[in-house]
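First up is the structure itself, then whatever we jot down about it.
The values are calculated or read from the model by the stated rules, or taken from the named source; none is laboratory data. Predicted model, so just to flag it, every value in this text is computed and none were measured. Positions of Cβ are generated from backbone atoms using ideal geometry, with glycine treated the same way; all protein chains shown enter the neighbour counts.
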């Protein structure tokens, strides 16, 4: 089932349950999907699953970044709804890998490429990010790669 159909089904359930938080989160996904579809070129080919995953990751990251800023400013009343929305949106991402699983992939990639320092970080990041698309946060991957290359 495509992401759009999934979101529409979840919206129906949320409307019936009068769950405003979930409904607001789902509407954000729907809106972003519609914007992505109307972009040049997307109309002919449709949206790939990879693009859908990137879109959902972006929405989750936006919510978490906003919550971090609100928390930093002592506004827990604004941070809590952002984190709750992020949790709802995360349901549409593939299952996330643990740090240990990411580390295994990073070490295998470093061995395969022969990377030996920070100068090779971009090459390793590119390969690992492509391999783990949608299954791991870029920030987590970056941290693990940096630990092993420095």
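Here are a few things to note about the model shown:
- Residue check for residue 130: at pLDDT below 85, within 22 Å of the chain's Cα centre (by Cα) and outside any loop (DSSP other than H, G, I, E, B): yes
- For residue 42, the conditions (1) modelled with pLDDT under 85; (2) closer than 23 Å to residue 4 by Cβ; (3) buried (at least 16 other Cβ atoms within 10 Å of the Cβ) are fulfilled apart from (3).
- Residue 29 vs. criteria closer than 30 Å to residue 146 by Cβ, touching a residue at least 40 places away in the same chain (Cβ under 8 Å) and surrounded by 16 or more Cβ atoms within 10 Å (Cβ to Cβ): no
- Residue ID - surrounded by the most Cβ atoms within 10 Å (Cβ to Cβ), chosen from residues in the range 133-148 that are on the phi < 0 side of the Ramachandran plot and outside any helix (DSSP H, G or I): 136
- Residues in the range 102-127 that are under 23 Å from the mean Cα position of the chain (by Cα) and either assigned by TED's automatic domain parsing to the domain that holds residue 59 or touching a residue at least 24 places away in the same chain (Cβ under 8 Å) (or both): 102, 103, 105, 106, 107, 121, 124.
- Single match in 85, 57, 96 (criterion: modelled with pLDDT under 85 and out of contact with any strand residue (DSSP E or B) (no Cβ under 6 Å at 6 or more places or on another chain)): 96
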